[in-house]
């Protein structure tokens, strides 16, 4: 609140108000201009007034050479704070451009869990160099064994732990010894003689306890915990379900090893939601401002797979070329059949995949769901089939065309409901991520079966259509 | 950790391990059985051993009458805890079935922000009845003015605030007076004589301060805050960007009024991500297990809108009926043109909408993005256009068919890129939610323009196609 900015011509945020994306871009431009005018100290001055999170965002907008020039001019503990606020990919990109001896000094100041995430993303040789140069490596090395998306990869080592035989005064002493690193913690954890987690004690209760109280007498013994190999999505589910602000992590021997903080889980939830959304749209990890080559590498395989499946649909139509030659109007209604089936399938699919991700669908619930979506398909099909049949009849003046199109619509919306629910349920049982590729499969089903129904019925009743 | 369960034949979770959805269903069934066998005390006994969050999930699986029977048998403070763990819709549904005098006793024990969320969702008459019966109504009434999706609607009133002129001992006394409600707080807030927020002090630092220290000398003065009318999505963005575990909220006069906790923001992020995903798939708020009628009410309008747009595509084809009559093979490739344009458009659209939601696209960035997606469209179009042209040529033996199809593919993927990026950017500038209905618009564009290009080119070069 008492920050004073020297260069007032830069768009700084109002006191206490966070920087917008536009502010970030403006500041990045200004810094780039300064560096290009050989005014590096001024550029460093501008960035050093920002919040570490904003410094990271500004750096992210700058070219790699400028990033390095700025980072080398900042003290290691400030760079460490910047890295802690960036997501691990961006942090690794920025860190990867620094010399091993510079980087190791910085990583010695960084939280071990962030350091581990960064080192895991460096090329192996560079990673080994950096670890070799680090002084605090022994804190980081055990964390390297856990996969990124597990509780072990997510947990923080900033915790205070005391024995259940301690008094509150001893606990306060332990807390004091670990200051200032543990200043933001909310509670301390209590373990027994075997280091098994037995309780949790909020700092507020600890601070207010009477002199000489035993920790075990005032600690909370109802603790929910996860193991180091618990998937990060599952950790997020648990923290959300039980409204936890932190979740202790134990290892295979049930020894307490770390804690997951709710602010770190926020990133996980956003990432997982983004991933599922992208998978449903047949894209994978991609950034709107990344290099074109990576966008092509990411989207082209899906476009090609989709191309192959549209040829399946084309093949079905080509089976009925002679029917279409007799009644060309049939071609006019092909997009109506395919379009309705596609959107109906996507509606069901998205609902089911997202509900699965949120843990709302049980194994038994799957069968019920399949029945439910089939009934919805019949109801939607009846309503829309009658409308579409009437429109076709009044437009083209042939009642049988209306009947054939209406029946195809009913059938296709049932297929849409069944595949939209069935494909992700099946993939889930097979332990395959239900979001990946289900959209392509579902629309292929609705296209192929929709055309088969429509053109097949037309071929059967061709004498009524002429 | 020391919980003891009396009825061991029920699938209770392992000590400390959270309940799965399957466990929840099993327990709900067991309770329903007990209630049906007139063993209500036993049913209440089973549920009372669970964590309040699990109690809520179990209740959610039970029929309304059973819910009421169980809730009326539990003490009000236990029901209050259950409501605090449920999302506000479920909480309102469960609470809405109780008598005003029972409900008011419960809501007197519930956190004011949760109470306000529940009351806002009750029918007006019932809400007034309940408020009239409540003893703690004066805490809740001010919260009713804030919209649900604003910082004011999201904030908690469980905070401790002290004057900047206080000593740490006075601060500890204030904390002690508010025990045990504030036991889980992480820091206290500091205001000046005008109640303007001037600092924040972690409980750990407070607990370790020397006797007689002034709060203002050890408090943190760099605080990021939001106002009561800040949108909840923006609050989530800020907390994520700055890795905050709590975010103070001030009113119009800049007076400190509440605090947003990171565990509450987790729900917001999940809700917002779910909403965007559903809007892109043309569904709105819906549950996989809700009543069929609400699913139809939710999906049918979108299916009907889509139906109308597919008739636009049909209209375009019908303009070229005479061309198709001459070369029936053209009909075969209609789904190839439409399918590729549709998936290309959806890829771009999803990427852009999600990046907007995550605050990654600036105003200036929009134009750059449009150019980027157009270039990607050209590149994807060239690659896939050549492939598809060759396939068509070898399949049907006519080189001009390949050329026409290839050109239509290039054109359509450019349209897909331009509309996939352009429509959400345009909607966003018009302050319309970019996720709503953009999918329908984009696929309509790719269908209509794709068919126009393909069949139009075919009509022009018809003599080469015969």
**Item:** Cβ-Cβ FRET estimate between residue B:461 and residue A:284, R0 fixed at 35 Å, reported to 0.05
**Value:** 0.35
**Asked** Which angle between 0 and 90 degrees, to the nearest 10, do you get for helix A:52-61 versus the longest principal axis of chain A when only C-alpha atoms count?
**Response** 50
**Message:** I'd like the distance separating the alpha-carbon centroids of region A:227-276 and region B:41-95, in whole Å.
**Reply:** 26
**Fill in**
Classified through the alpha carbon gyration tensor (a ≥ b ≥ c as square roots of its eigenvalues; rounded if a/c is under 1.5, else prolate when a/b is larger than b/c, else oblate), region A:256-362 comes out prolate
**Message:** On C-alpha positions alone, give me the angle between the axis of helix B:76-85 and the longest principal axis of chain B, in degrees, nearest 10.
**Reply:** 30
**Asked** Between the helical axis of A:399-429 and the dominant principal axis of chain A, each derived from Cα atoms, what acute angle in degrees is found, rounded to the nearest 10?
**Response** 30
**Prompt:** Give or take rounding to whole Å, what are the principal axis extents of the alpha carbon atoms in region A:313-394, in descending order?
**Reply:** 51, 29, 17
**Mean Cα-pair separation over length for chain A, i.e. relative contact order, pairs under 8 Å, 6 or more apart, %** = 10
**Prompt:** Per the Kirkwood treatment, what hydrodynamic radius in Å, one decimal, follows for the protein assembly as shown from the mean inverse distance over all distinct Cα pairs?
**Reply:** 30.6
**Request:** For region B:205-255, just the Cα set please: Rg and Dmax, both in angstrom.
**Result:** 14.3, 42
**Asked** For region A:21-147, with equal point scatterers placed on the C-alpha atoms only and solvent neglected, what are the log10 I(q)/I(0) values from the Debye formula at q = 0.14, 0.15, 0.16, 0.23 1/Å, to two decimals?
**Response** -0.57, -0.65, -0.73, -1.32
**Prompt:** residue A:368 to residue B:297: FRET efficiency via 1/(1 + (r/R0)^6), r the Cβ-Cβ distance, R0 25 Å, to the nearest 0.05?
**Reply:** 0.80
**For region B:334-458: rounded, prolate or oblate by the Cα gyration tensor [a/c cutoff 1.5]** = prolate
**Message:** Along each principal axis of its Cα atoms, how long is chain A end to end? Whole angstroms, biggest number first, please.
**Reply:** 94, 64, 45
**Prompt:** Just counting partner chain Cβ atoms within 10 Å, what average do the residues of peptide A:285-298 show around their Cβ?
**Reply:** 4
**Request:** Report, for the protein assembly as shown, the % of DSSP beta bridges that are antiparallel, rounded to 5.
**Result:** 75
**Item:** Part-to-part distance (alpha-carbon centres) for region A:343-373 and region B:395-420, which is given in Å
**Value:** 36
**Message:** Above 17 Å lies some portion of the pair distances; for region A:161-273, what is it as a whole percent of all C-alpha pairs?
**Reply:** 56
**Prompt:** Using the 10 angstrom Cβ neighbour count as an exposure proxy, how do A:186, A:255 rank, fewest first?
**Reply:** A:255, A:186
**Asked** Over the Cα atoms of region B:94-232, how large are the radius of gyration and the largest Cα-Cα distance (Dmax), in Å?
**Response** 17.9, 54
**Prompt:** What value, in deg cm²/dmol to 500, does the helix sum -39500 (n - 2.57) over DSSP H runs of n ≥ 4 give at 222 nm once divided by the residues of the protein assembly as shown?
**Reply:** -20500 deg cm²/dmol
**Request:** Would you please give the FRET efficiency between residue B:322 and residue A:305, computed as 1/(1 + (r/R0)^6) with r the Cβ-Cβ distance and R0 = 51 Å, to the nearest 0.05?
**Result:** 0.90
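Readers should treat all values here as calculations from the given coordinates under stated rules, not as data from a laboratory. Model, not experiment: these values are computed from the prediction. Heads up, the Cβs are rebuilt from the backbone with ideal geometry, glycines too, and the neighbour counts pull from every protein chain shown.
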